[in-house]
Amino acid sequence: MRKSQKELRSEIDQDYLVDRVRKKLLTLVDPRNRWIGYTFHDLVMSGYAMFHLKYPSVNRFETQTASEKTNLKELFKIEKLCSDTQLRSILDQIDPECLRELYAENFKLLQDLGILKGYQSIKNHLICSIDGVQHFCSKEVHCEQCLSKEHSNGTVTYHHNMLCAALVHPTQREVFIMGAEPIVRQDGQTKNDCELNAGTRLLKSLSEQYKKYKLLIVEDALYANGPHLRQIVDNKWQFVVNIKPKSQKTLFKAFEMRKKRGATNYCEWTDVVGTTHRFWYANNFALNEASSDVRVNVLFYEEELKNGKIQKFSWATSIKLTKSNIERIMRIGRSRWKIENQTFNTLKNQGYEFSHNFGHGFKHLTTFFAYLMLLAFQNDQVFQRCNDLFNKIWVAAKTKVKLWETVKAVFMTRIISSFYDLYIIVANEFEVKRNENST
C-alpha cells in the first residue's frame, strides 16, 4: 500500500537525510588522478559532516575524540580522517557548481512530502526570495577569485559574496535553499564580479533546476531593471520587486501624475491591534524609458502602528493589482526579508559560523565550503519541518545554539549507532517527553 504524505513525513530523520547527501556526493568527480591514503568518499563526507555538526573550524574538526571517530564512521560512513591541510587541498579542486543539483533534489523531496502545498501563494506560485550575502572578508587572506575593495588609506579588503535563492512564505517558519551563485572574480577577469551579473547566472540556473514550478521572484530594488525582469518573465514566472524613488525616478513620476489625475486606487483599514494599513495602487506602467516594453503594476503601502510609528514600502509587480489581492502582494513583498532574517542571520549567528574562514584555497574552496554549509542548513530545515521530537527539544533548549551545542557534546562523548539515537539522548538531557509515535 502506498504511504500517505503524513506517513512519509514521519519517517524523515537525519539518518535518511544524511544518507541522501552521501549518495549524491559520491557521484561527484574525484579531482585526483589516483587516491593515496584517503577515499574520495571520506574527503567529501568529512567536509559535509563538519558543517552538519556545526564545528567552528576545520582545525577543531581535525582533533577527534575516540567517540567522535566511532560516530563519524557509524553515522557518516567515514573510515579515515585526513588532516585539515589535505582536506582543504583536495576540496579546493572540486567545482562547487556540481552541488546545485542537491538543493533541487531536496526541493523535490518537499514536493513528495506535500510540504510545498503550504508554500503556495497567489495562483499557486511558490515565493522565491533572492538576496546577496558576504561570507568572507579579510585584509590579508585572499585568492584569485576574491573581490577587492581599495580604501583611501591604501589598504585593500578582500571578500567573497554569494547570491542565494530560498523558498519563503509570509506565514511559514522554515525557509528552504533553492540555489546559490558565487559573486567572485570570474576566470581571466581583472574586474570585480557584480551582483547583477550573478543574478543573471542564478536565474538561468533556477530555470534549469525548477523549470516545472511556478515561481514568484521577490527581490530588492537593485533588480528592478529591464533585462532582469525580462529574464523572469521569459521563464513564465512572476515578480514582486522593491522600487525606490532615486533608482526608479520615471516610474515614481508616472505614478504621481496618475495620482494627481485621480487615476490611482486607494484603500485603508485598521486591524484589531490598532495598526492602520494604507494602499495606493495602479496597473500597467512602463518600467522606464529604456524598457518601455516591460510593463509593471505599482503598489505603495504605508503601515502606521498604534503608537504612531510609520513604515513605507513600494513595489513593482507583474501581477495585476486588485483590491482583493493588495494585502497578499504586500505580505509577499515583505517576505523577502525572510532570506535575510531566517537564513543569513541563522547561518551567521546560530551555530553555523557562516562568516568564519573555513579555508581559502587557490580555486574553489571558499565557495565549496559555503555550498556545503547551505546544504547542511537545507537538511536541517527539512528535518525541523518534519520531526516533532526535534521541535520539542528546540523549545526546551530555548535557542538553536544551545541545541546544536548539546548535539555536538553528545556526539563527542557518547558512542551512538544512529542520529535517531542521538536525538533520543538529547531529548532526555532536556527532559523532553516523547510520544510513542514520535520520530
What are the lysines whose alpha-carbon lies under 21 Å from the alpha-carbon of K398, with same-chain residues fewer than 8 places away excluded? K54, K338, K348, K408, K433
Got the relative contact order for the chain handy, in percent, Cα pairs under 8 Å and 6 or more residues apart? 21 percent
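Can you quote the Å³ per residue value for the convex hull of the Cα atoms in the range 1-139, rounded to an integer? Present the calculation step by step, with values, prior to reporting the outcome.
Numbers: hull volume 23.8 nm³, N = 139.
So the per-residue Cα hull volume is 171 Å³.
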Which residue, P96, P245, P56, has the most motion in a Gaussian network model of the chain that connects Cα atoms within less than 10 Å? P245
Rough spin-label spacing in nm, given labels placed 7 Å along Cα→Cβ, for C267 and E101: 4.5 nm
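To one decimal place, what orientation-averaged projected area in nm² is obtained for the convex hull of the Cα set of the chain?
Working: hull surface 103.8 nm².
For the Cα atoms of the chain, the hull's average projected area reads 26.0 nm².
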Kirkwood hydrodynamic radius of the range 238-390 from all distinct Cα pairs, in Å? 18.8 Å
Angle, helix 388-397 long axis vs. longest principal axis of the chain, Cα atoms, 0 to 90°, nearest 10? 90 degrees
Compactness summary of the range 302-353: radius of gyration and Dmax from Cα atoms, Å, are 15.1, 44
Helix 40-52 sits off the longest principal axis of the Cα atoms of the chain, rounded to the nearest 10 on a 0 to 90 degree scale, by 60 degrees
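Quick one: net charge of K338's neighbours, Cβ under 14 Å, K/R +1, D/E -1?
On the way: positive: R173, R331, R334, R336; negative: D131, E174, E219, D220, E340.
Once all neighbours under 14 Å are counted, the net charge is -1.
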Measuring from its Cα centre, the chain shows a charge dipole (+1 at each Lys and Arg Cβ, -1 at each Asp and Glu Cβ) which, in debye to the nearest 20, is 1500 debye
With r as the distance between the Cβ atoms of K306 and E208 and R0 = 56 Å, compute the FRET efficiency 1/(1 + (r/R0)^6) and round to 0.05. 0.75
Within a 10 angstrom radius of the beta carbon, how do M45, M412 rank from fewest other beta carbons to most? M412, M45
Using alpha carbon centroids, what distance separates the range 336-389 and the range 25-86, in Å? 18 Å
Among beta bridges that DSSP assigns inside the chain, antiparallel share in %, nearest 5: 85 percent
When H228, H356, H160 are ranked with the fewest other C-beta atoms within 10 Å first, the list becomes H356, H228, H160
Helix 14-25 versus the longest principal axis of the chain: what angle, 0 to 90°, nearest 10, using Cα atoms? 90 degrees
Cα-only radius of gyration and Dmax that characterise the range 142-231, units Å: 15.8, 51
Per residue of the chain, what 222 nm ellipticity follows from adding -39500 (n - 2.57) for every DSSP H run with n ≥ 4, rounded to the nearest 500? -12000 deg cm²/dmol
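Order these by the 10 Å Cβ neighbour count, fewest first: Y119, Y103, Y266. It would help to have the intermediate numbers written out before the result.
Working: Y119 19, Y103 24, Y266 12.
Ascending number of Cβ neighbours within 10 Å: Y266, Y119, Y103.
Based only on Cα atoms, what mean projected area does the convex hull of the range 114-344 have, in nm²?
16.0 nm²
No lab work stands behind these numbers, since they all come straight from the coordinates. Nothing here was measured: the structure is a model prediction, and the numbers come from that model. With ideal geometry, Cβ positions are generated from the backbone for all residues, glycine too; neighbour counts draw on all protein chains shown.
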